[in-house]
Amino acid sequence: MHLADSVKMATATLVTNRLRSLLTMLGIIIGNASVIAMVGIGQGAQRLAASEFESLGPNVLFVVPGNRGTRRTTTNLPNTLVLEDAEAIAAQAPTVLAVAPQISGRYLITYRNRNTFTQVQGVTPEFLVVRSFDVAQGRFLTQADLERNNRVAILGPDLARRLFDQQNPIGRQVRIRNVSFDVIGITEAKGSFLGTNQDDAVYIPLTTMANRIAGRTSPYGTQVSFISVAARDRDSIRAAQFQITNLLRLRHQIAKGKEDDFGVESQRDALRTVNTVTNGLTILLAATSAISLVVGGIGIMNIMLVSVTERTQEIGLRKAVGASEHDILIQFMIEAVILAVAGGLVGTLVGSGAVILIGMVSPLQTSISPIAVAVAVSVSGGIGLFFGVVPARRAAQLDPIVALRSV
């Protein structure tokens, strides 16, 4: 028999048993769709993380308190950074463009009969430059606000909308922990960062935050939650990390060989960590989903073995009129491969549709990976070939006389 004849005969047989063929392909369809969807979601998560890190501001470094072990095991970080550290970085690190120390806390903010818990950030005027924020209305903090401990506040747009509806907040007063603040500005919408809404926050002078709200003053200086640093350009990021690390080790009197009580992390470092995690999760989920392909292959082998039993008479008759074992083997192998490839193609369409739908209804920037599609369909065909061998050989090795007698 020619290969084309074998393909036509195999296709006709599968079409005749449509329901059985569809159910046999189901495992392959689910496996392919799951693999493509998981890879697409994983890549979408990476793109989302990259865009959110970019929104923090260009060339940003973060100086955070505590050593690596502390940062891994607890969220209650020690108070090892002070305002004087930030001032020293700004004055003595030549590769640094701007420095923005910050005190963060979550407190109750009230306007008349409306109140909500939100992030209160004690910042300096350099915050706008370092973190690439813009003011939509009013003004931001000035150095005079810090020096005078002024009780002024800049609201994020979401918080302003929740407290004031359509009213103009500028010139009105809000209360933070029962301390009155004059609203002097509204920031431009910034969006979320790793699940935290940056537009649902209030920004006040760092000194006022330390003295009136958080109580972060100590004999060693004004304690800060972390320090944001803008390097002069991308090429200066590594040099800035090196200079900041050496400067703070000297200031904190850390002996040679001892672990730092702070960390200096760049956007690239944080993004690399996030990508490592998302890559690992994507591979894990894709591998778990690929188990469905193996289950689908076993289903193909099972159905093909049943088919061999049902078609014993046909096999015996074909061998009696001259069909070779090779002809029988090829036909059953083709049937198994057609089932697997067809299931792979349908699964690809389902998985691609799921990726597009998830991208439409979620913030994930999903995309269909051509490599994942090619691998999934190729693996599907390979599985059909592999699991079709046993039933095909069994069919090919049937003795024609025994097969005809079994009718």
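The values are calculated or read from the model by the stated rules, or taken from the named source; none is laboratory data. These numbers were taken from a predicted model, which means no experiment stands behind them. All Cβ positions, even for glycine, are placed from backbone atoms using ideal geometry, and neighbour counts span all protein chains on display. The accessibility values were calculated without ligands, DNA or RNA, using every heavy atom of the protein model including side chains. Shrake-Rupley method; radii C 1.70, N 1.55, O 1.52, S 1.80 Å.
Data table
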quantity: Cut-off under 5 Å, modelled amide H: who pairs with F262 long-range; calculated: G66
quantity: Packing rank of 94-105, 231-242, where each peptide gets the mean count of other beta carbons within 10 Å, highest leading; calculated: 94-105, 231-242
quantity: Solvent exposure, largest accessible area first (probe 1.4 Å, DNA, RNA and ligands not counted), of L81, L349, L385; calculated: L349, L385, L81
quantity: FRET efficiency for L108 and I298, using Cβ-Cβ distance with R0 set to 56 Å, rounded to 0.05; calculated: 0.40
quantity: Linear extension gain, R139 paired with L305, 0.36 nm per residue minus alpha-carbon span; calculated: 52.0 nm
quantity: Net charge over other residues, Cβ less than 15 angstrom from the Cβ of E188 (K, R count +1; D, E count -1); calculated: 0
quantity: Calculated FRET value between S324 and L22, using beta carbons and R₀ = 25 Å, to 0.05; calculated: 0.20
quantity: Calculated from backbone phi, Karplus (6.51, -1.76, 1.60) coupling profile of segment 324-338 in Hz, x at Gly/Pro; calculated: 8, 4, 5, 4, 5, 4, 4, 4, 5, 5, 5, 4, 5, 5, 4
quantity: Percent carbon-and-sulfur accessible area, segment 116-182, ignoring ligands, DNA and RNA, probe 1.4 Å; calculated: 41 percent
